[in-house]
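For reference, the structure discussed in these notes is given below.
Values quoted throughout were computed directly from the atomic coordinates according to the rules given, and no laboratory measurement underlies them. Computed from a predicted model, the values in this text were never measured in an experiment.
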């Protein structure tokens, strides 16, 4: 997928809903595990950690290797 600057779908906000849903799931999971919902800043800082970035990359590679389930 092209970078946002080169991708008209990203510039039009096409990916905003799936990202919002993912952040909502992060918030729900953290709230259930910790007993209190994380702030937006907590989530943003956590997502920027090198470990999480590496795990996200691994998940993207894994998803791309699987047969398409997205229709």
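Taking only the C-alpha atoms of segment 13-65, the Rg (one decimal) and the largest Cα-Cα distance, Dmax (whole number), read 12.4, 36 Å.
Once the Cα-Cα distance is subtracted from the 0.36 nm per residue extended length, the residue 63 to residue 31 segment shows a gain of 8.9 nm.
Just subtract the alpha-carbon distance of residue 46 and residue 14 from 0.36 nm times their residue separation and send over the number in nm, one decimal.
On the way: separation 32, 0.36 × 32 = 11.52 nm, distance 2.42 nm.
Taking 0.36 nm per residue and subtracting the Cα distance, the gain is 9.1 nm.
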